[in-house]
1. Just one of the numbered conditions (1) touching a residue at least 12 places away in the same chain (Cβ under 8 Å); (2) open to solvent by 40 Å² or more (accessible area, probe 1.4 Å); (3) closer than 23 Å to A:His192 by Cα is not true of A:Val526; which one?
2. Output the residues belonging to the stretch A:140-166 that are aromatic (Phe, Trp, Tyr), open to solvent by 10 Å² or more (accessible area, probe 1.4 Å) and part of a helix (DSSP H, G or I).
3. Please identify the pairs in which a residue from the stretch A:190-209 that is within 14 Å of RNA strand B (Cβ to nearest atom) has its Cβ atom under 6 Å from the Cβ atom of a residue that is open to solvent by less than 20 Å² (accessible area, probe 1.4 Å) and among the polar types (S, T, N, Q), counting only partners at least 6 apart or on another chain.
4. Among residues belonging to the stretch A:406-417 that are over 15 Å from A:Arg528 (Cβ atoms) and near RNA strand B (Cβ under 7 Å from one of its atoms), point out the one that is surrounded by the fewest Cβ atoms within 10 Å (Cβ to Cβ).
5. Residues A:Pro33, A:Pro43: which one is buried (at least 20 other Cβ atoms within 10 Å of the Cβ) and either assigned to a strand (DSSP E or B) or more than 16 Å from RNA strand B (Cβ to nearest atom) (or both)?
6. Go through (1) closer than 20 Å to A:Ile50 by Cβ; (2) surrounded by fewer than 16 Cβ atoms within 10 Å (Cβ to Cβ); (3) within 16 Å of RNA strand B (Cβ to nearest atom) for A:Asp568 and report which single condition fails.
7. Report, by residue number, each residue of the stretch A:828-841 that is at pLDDT below 80 and surrounded by 15 or more Cβ atoms within 10 Å (Cβ to Cβ).
Amino acid sequence: MNEIPARYNSQEVEDRIYKFWQDNNLFSAKANPDKKPFCIVIPPPNVTGILHMGHALNNTYQDILIRLKRMQGFESLWMPGTDHAGIATQNVVERQLAKEGIKRQDLGREKFLQRVEQWKEEYGSTIIKQLKKLGASCDWPRVRFTMDEGYSEAVKEVFVRLWNKGLIYQDDKIINWCPRCQTALSDEEAPHRQLQGNLYYIRYPIKQASGLRPQASGQVKKACGMRHAACDYIVVATTRPETMLGDSAVAVNPKDKRYKKFVGKVLILPLVNREIKIIADNMVDRKFGTGAVKVTPAHDSNDYLLGKKYRLEFVNVMHPDGRMNDFAGSYKDMDRFKAREALLNDLREKGLLEKVQPHPLSAGHCYRCQSIIEPRLSRQWFIKIAPLAKPAIKAVKDGGIKFHPKRWTKVYLNWMENIQDWCISRQIWWGHRIPVWYCLDCKKEAVASVEAPRVCRVCNSANLKQDDDVLDTWFSSWLWPFATFYWPFDHAGDKRLAIGDRQKDLKYFYPTSVLVTAPEIIFFWVARMIMAGFEFVGKEPFKDVYIHGTVRDREGKKMSKSLGNIIDPLEIIAKYGADALRFSLISITAAGEDLYLSEEKFELGRNFANKLWNASRFSLMNLDLNLASVDLCVFFEKEKLELPERWILSRFYSMLGRLNKALDNFRFNQAANILYEFIWHEFCDWYIELAKPNLLSGLAGKRVSGENRNTQIVLYKVLEKTLRCLHPFMPFITEEIWQKLQLKTHNSQLTTIMTQPWPHIQKQMVDQGVESKMQLAIDVITASRNLKAQVKIPQSQNVKLSIVVKDKKAIAALKETSPAISYLAKLVNLCIQSERPGGIKSISALSGKMQVLLELEGVIDIEKEIEKLAKEIGELTADLKSKEARLKNKEFLKKAPQEVIQREKELVTVNKEKLAASSRILDELKK
RNA sequence: GGGCGCAUGGCUUAGCUGGUUAGAGCGCCACAUUCACAUUGUGGAGGUCAUAGGUUCGAAUCCUAUUGCGCCCACCA
């Protein structure tokens with residue numbers, strides 16, 4: 001006993017066990033024709049990443065599945081890796097440079113990239129180390145990085161294939177521009193968020209026939225939109241007034257009577273005094289603002305369309321960093337928001353700012369730095385994505401790929417069916433450079449190629465230049481499920497596997513089985529992987545997509561560094577243990593719902609681990625036989641076991657049935673709770689207590705046959721199988737205990753729980769009769785404890801108990817279990833009969849079919865007892881009334897299933913008996 | 001503007017295909033410490049299942065509407 005501490009010490013166990021697993025190569029998986037494959041590719045965390053609760057949750061789900069399937073006999077592969085995360089990583093390194101007072105431009109492209117590499121070498125494995133702390137059983141030697149040499153070849157290959165199909169094009173479009181990161185972003189990377197902004201109403205003077213321009217204030221008379229023929233100006237409403245410097249028209253709706261006469265006239269754009277036209281287009285909403293809209297084709301996507309349609313001027317008024325440029329006149333070099341203020345002041349002074357209205361609006365925000373996105377006209381690379389979406393839509397509609405929970409299917413389909421072309425070029429340096437080359441001499445043709453071309457195909461010049469931009473990070477991530485298997489095989493890049501083995505691996509493990517991720521990743525990654533899978537490999541990348549919730553703080557806010565509400569999983573692991581972290585996270589998260597976290601929640605897992613530890617400690621202290629030759633099924637058939645043993649076996653196997661079902665349905669929290677309930681409240685609370693008399697010498701109440709050996713076997717078997725069931729959830733503690741158990745009962749060398757088979761259901765051991773007999777005993781014991789507490793008799797004091805029950809089966813069952821009852825309820829005498837004995841002073845409790853009476857030596861508090869009985873009688877009467885009414889209802893009798901009616905009838909009988917008994921006692925007491 | 005989710009005791013929640021006396025955990029109250037575990041045990045108090053209608057023999061569960069909270073999508077000048 002001394003060698004096992006009374007408290008589970010996760011710190012002492014976890015690193016040692018993890019090392020044991022790794023040293024024994026237990027996470028590795030190989031194409032194995034004798035087994036079915038099960039494969040998960042990890043959502044590759046950013047190389048810059050440090051483990052947060054979202055990762056902890058995400059990877060715990062994956063590890064549970066991987067470990068479960070490994071035990072269930074699958075060749076279970078968890079493919080690990082990291083993502084180069086272009087913008088995020090570049091930002092991190094740029095920030096580091098800033099501390100040294102350097103900009104990346106000072107270094108130049110080559111040197112900067114060296115810096116990033118250097119940074120990656122130093123910190124890139126942080127997240128991997130942290131995943132190991134969590135217990136992740138990834139096949140680490142396979143680890144991939146989205147900028148591995150071989151992986152990069154896959155990226156280029158894909159680009160060229162799409163290029164050859166004509167699906168890649170370059171175009172000038174309004175894109176999401178982040179002025180801080182100074183790059184284009186895809187629509188998904190610029191999520192809209194609510195802002196409290198203003199709607200500014202600005203007067204644009206009309207150019208008079210005389211050619212005279214109205215002066216500033218004083219001269220203007222009437223606003224337009226007022227049905228006056230002689231307006232001097234038109235009022236437009238805008239939320240981004242600084243963009244007016246780039247206006248090239250004002251648009252109205254052609255049906256708008258207020259403005260009909262102005263269409264075709266010319267306005268003088270204030271502040272810059274440029275002439276712009278008034279045009280009419282159906283796109284304009286007559287009801288919004290003044291019904292007249294300024295048109296800025298280089299800074300707004302709608303305006304861009306108008307600009308193209310009416311051949312307007314495209315005036316870009318900003319530098320890439322968000323400051324105003326030469327076209328902004330006196331506002332040149334001001335930041336866009338400073339310029340806004342300055343410009344509004346000037347308008348106000350000139351009397352051209354009619355009014356300002358608070359106006360909630362939503363604007364894109366950079367998903368990496370949160371800056372407000374500037375829609376900006378620029379030349380970028382795009383993919384025509386609609387053709388790729390087709391098979392990806394079909395696969396989900398046909399059920400070839402399933403989302404769990406189901407509701408995400410709709411979200412996915414809705415996005416897919418309205419998919420927009422994907423902007424894939426980024427103006428940063430860290431990433432896959434776009435494999436397109438231009439000839440600087442003839443300038444005739446751009447070429448896309450996996451290998452850098454030597455000479456121009458047209459003019460043979462060697463003066464070629466590669467495109468400066470890099471590809472969107474997600475353009476490499478979308479290949480993850482197959483590029484990690486070295487697709488397309490024939491590139492020389494990575495020498496870790498022979499080409500034949502690469503092909504074999506992909507063939508064996510692809511399509512992968514399950515993808516586990518968070519909802520915000522559906523568009524970025526899940527949808528695109530599905531498209532890539534069909535396009536490049538011809539098959540779906542995975543069969544099931546499990547979408548879990550978002551980790552929030554206790555107020556429901558997302559956890560973020562800036563909010564300071566982070567709970568660091570590594571601190572939790574240090575304090576509570578990785579198993580506790582894992583179990584707590586899983587157990588409190590309803591399927592697919594967000595989870596609201598606070599540190600106390602981890603006590604749940606820690607306490608549970610400690611409970612299991614101590615139950616095991618007790619078992620280890622009391623197991624002294626070599627059980628190597630015992631087969632549970634044979635044993636069960638041969639031996640006539642006592643009720644507690646039959647009961648715990650029955651409970652175990654019915655628990656296993658429910659557990660399997662929950663896991664099959666991705667109901668992880670339910671699975672965790674089934675195990676918790678069984679281990680704590682059945683195995684520990686009841687079975688171990690019932691096993692004690694047989695195991696411990698010198699305890700009173702030894703059960704009849706006192707078969708110590710049978711008790712040992714059942715205790716061991718149930719514990720050992722339970723450990724296996726719990727292993728995917730709490731891998732460390734289960735391994736530690738399991739190995740100790742093997743040593744104690746088998747004298748065996750160290751093996752591992754990891755590769756033990758998942759327990760098989762043994763239906764012959766599930767026995768409803770046994771369970772209800774035991775339930776009767778549990779009810780009596782509980783009632784007895786309850787009665788003792790009520791009259792403040794210490795639980796340890798021996799008492800006399802009578803049970804009154806009519807049901808003959810129940811009487812027989814109670815007689816069978818009476819030793820156990822007497823032991824656990826501390827009874828000197830247990831009297832089971834069908835009629836209440838007279839003349840004994842006692843208090844009573846109703847439990848199921850039984851009335852339980854506790855004999856008392858002293859005086860009973862009659863008032864209290866009467867009160868309690870009256871309450872009971874009241875409740876019983878009400879209940880009886882409603883049940884009898886139901887049984888008289890013809891519709892009920894006609895339509896309800898027989899078993900429901902039957903049970904209702906039984907309850908009426910039982911309740912009637914109880915009511916009669918209670919009334920009788922009440923009468924006695926009243927005398 | 002469209003879509004989705006959530007609403008159950010003081011807090012966090014389970015309740016999957018309608019039939020329970022609506023389960024837990026934390027917190028609270030009372031009692032318990034030689035016998036695996038105070039990271040414990042035993043017992044208790046505490047719920048008109050957001051509101052209003054409807055379907056049904058029967059609704060926390062299904063339908064409709066309302067309210068509140070949260071999330072996602074959209075070319076909301």
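1. Checking A:Val526 against (1) touching a residue at least 12 places away in the same chain (Cβ under 8 Å); (2) open to solvent by 40 Å² or more (accessible area, probe 1.4 Å); (3) closer than 23 Å to A:His192 by Cα, the one that fails is (2).
2. Selection gives A:Trp140, A:Trp163.
3. As it stands, the answer is A:Tyr200/A:Thr238, since those pairs meet every condition given.
4. A:Asn414
5. Answer to the selection: A:Pro43.
6. All conditions are met except number (3).
7. Selection gives A:Arg836 alone.
A quick yes/no check of all residues on (1) charged (D, E, K, R); (2) more than 11 Å from RNA strand B (Cβ to nearest atom); (3) out of contact with any Pro (no Cβ under 7 Å at 6 or more places or on another chain); (4) over 30 Å from A:Arg646 (Cβ atoms):
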position	(1), (2), (3), (4)
A:Ala820	no, yes, no, no
A:Gln833	no, yes, yes, no
A:Gly839	no, yes, yes, yes
A:Glu875	yes, no, yes, yes
A:Lys881	yes, yes, yes, yes
A:Lys895	yes, no, yes, yes
A:Lys914	yes, no, yes, no
A:Ser919	no, yes, yes, yes
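The values are calculated or read from the model by the stated rules, or taken from the named source; none is laboratory data. No experiment lies behind these values; they were computed from the predicted model shown. All Cβ positions, glycine included, derive from the backbone under ideal geometry; neighbour counts span all protein chains shown. All accessible areas refer to the heavy atoms of the entire protein, side chains included, with ligands and DNA or RNA removed. Shrake-Rupley method; radii C 1.70, N 1.55, O 1.52, S 1.80 Å.
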